[in-house]
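The values are calculated or read from the model by the stated rules, or taken from the named source; none is laboratory data. In this text, all values refer to a predicted model and were calculated from it rather than measured experimentally. FYI the Cβ positions are ideal-geometry reconstructions off the backbone, even for glycines, and counts take in every protein chain you see.
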Amino acid sequence: MLAPLLAALRIARDGPGRARTRPERLLGDKAYSSRATRAELRRRGIPAVIPEPRDQQQHRRNRGSRGGRPVTLQVAAYRGRNVIERGYSDLKQWRGLATRYDKLALTYRAGAVLRAITQWLKHIL
């Protein structure tokens, strides 16, 4: 699931030049702490700011020297993650998105964009 999202990622630059395709870092909660996710991020050279769940820490310790290094976590960067989570929470409060009646992903995305626009308009007006 992560690979197609990263493949479609485009970050516009302030000045001239083509859009970047690699973010500075990827923030996520413990649910995104899988080997596949971390391997894909390492392959693309993207630092992960994802804490390691306790069960994974224990599995690593049980393996001893074969368990690998502990995951590093940039605490200051991870604290900013809740802002993004609250933004998604606000989007999902809209009834059209919460009920998920749409059959096509394109229609669901259009609803999410429409909700984001209405929220943005509330802030600027």
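Against the list (1) in contact (Cβ under 8 Å) with a residue 24 or more places away in the chain; (2) under 30 Å from Arg60 (Cβ atoms); (3) surrounded by 12 or more Cβ atoms within 10 Å (Cβ to Cβ), the condition Ala116 fails is (2).
Are any of the residues in region 30-50 closer than 30 Å to Leu121 by Cβ and at pLDDT below 85?
Step one: list which residues in region 30-50 are closer than 30 Å to Leu121 by Cβ, which gives none.
No - not one qualifying residue is present in region 30-50.
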